[in-house]
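Contents: one structure, followed by commentary.
Values quoted throughout were computed directly from the atomic coordinates according to the rules given, and no laboratory measurement underlies them. Note that this is a predicted model, so its numbers are computed, not measured. Here the Cβ positions follow ideal geometry from the backbone for every residue, glycine too, while neighbour counts run over all protein chains shown.
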Amino acid sequence: MALSRETLEQLRVDHTEDFTLADHDPGWLPPAARDLSKGERKELADQMLKDNVKELAEAQDMLYADDRYSVLLVFQAMDAAGKDSTIKHVMSGVNPQGCSVTSFKKPSDEELDHDFLWRCNKALPPRGNIGIFNRSYYEEVLVTKVHPQILDYQRLPVTARGKAFWQARYDDINAFERHLVRNGTVVLKFFLNVSKEEQKARFLARLDTPEKNWKFSAADLKERAYWDDYQQAYQDAIAATATPWAPWWVIPADRKWAMRTAVSDIVTTTIKGLDLRYPQISDADREALAAARTELEAE
């Protein structure tokens with residue numbers, strides 16, 4: 001069972017007009033699950049995720065064989081929204097040879113000596129592959145916008161950092177993604193939309209569970225103090241970079257099962273919607289295969 005196209009369209013943002021993050025409920029439920037009990041929801045979600053994982057594995061095999069497209073999945077979110085676990089569950093059935101995950105941390109000295117897109121550009125997936133960015137070039141209009149002092153380390157020739165500066169970065173991102181799409185890279189951008197209350201609950205769970213203590217960082221709590229600033233930065237970035245060729249998907253993240261189901265459905269449906277086909281062999285190749293069969297059978 002898959003989510004309906006109408007349901008998925010509620011999560012898609014592909015234009016820059018009138019987008020407001022407040023219109024997207026972090027606790028949203030797909031219509032098929034709203035009248036079910038908690039146990040029934042979990043059972044439905046587990047089955048949907050299982051089906052999607054299986055279909056995604058089959059779609060990835062054809063993507064690899066077709067060798068014309070690549071798929072880039074961009075994950076952005078506040079801390080504790082579930083990026084790592086979503087990637088782990090959704091991609092659990094794919095062939096590791098055709099999939100890569102890149103997590104972008106604090107830029108190195110080498111990376112700071114290049115433009116802000118450089119380190120992501122060199123990590124893009126080749127044709128036939130799925131590439132996953134756990135955070136991405138969008139950090140340069142999110143965390144950097146919330147903490148503009150970071151720009152001091154980038155040694156930029158531009159000194160003014162007002163509205164025009166950020167608009168130029170949005171323009172660069174849109175042009176970069178348009179270039180990727182024109183050359184066969186499908187770009188899917190996911191904002192895992194967790195509420196402030198749910199983030200608090202997950203932080204407390206990390207503190208209360210010894211096995212999860214390692215997941216908590218004092219830096220996470222420090223960044224939580226900038227919650228409203230981050231929400232505005234995300235709203236601005238999504239509004240400025242949501243395009244038909246590289247849409248944003250604002251995924252409700254308060255219920256992990258709903259989040260994983262939605263992401264897996266979107267990825268699977270998108271890949272299956274491509275004009276993929278297995279390579280066709282020529283008559284000469286077919287004759288060579290027949291000769292190989294004859295030789296093997298004669299041994």
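The table that follows gives values for the structure above.
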item	result
Global form of the range 5-297, assessed from the alpha-carbon gyration tensor, a/c cut-off 1.5	oblate
Whether the range 119-180 is rounded, prolate or oblate, judged on the alpha carbon gyration tensor where a/c under 1.5 counts as rounded	prolate
Helix-derived mean residue ellipticity, 222 nm - over the chain, DSSP H n ≥ 4, -39500 (n - 2.57), to 500	-14500 deg cm²/dmol
Residues LYS222, LYS272, sorted so that the one with the fewest Cβ neighbours within 10 Å comes first	LYS222, LYS272
Three-way shape label, the range 252-299, alpha-carbon gyration tensor, a/c 1.5	oblate
Neighbour-count ranking [beta-carbon atoms within 10 angstrom, fewest first] of MET259, MET62	MET62, MET259
Neighbour-count ranking [beta-carbon atoms within 10 angstrom, fewest first] of VAL158, VAL181, VAL141, VAL267	VAL158, VAL181, VAL141, VAL267
Contour excess over end-to-end distance, with Cα ends at GLU211 and ASP14 and 0.36 nm allotted per residue	66.9 nm
The chain - percent relative contact order, Cα under 8 Å, separation 6 or more	35 percent
Over 29 Å (Cα to Cα) - which of LYS163/LYS200; LYS38/LYS88; LYS83/LYS145; LYS105/LYS212; LYS38/LYS105; LYS83/LYS122 fall in this group	LYS163/LYS200; LYS38/LYS105
Reach of LYS222 by Cα under 13 Å, taken over aspartates and glutamates that are not fewer than 8 positions away in the same chain	ASP79
Computed FRET value (nearest 0.05) for LYS88 with LYS42, which takes r as the C-beta separation and R₀ as 25 Å	0.90
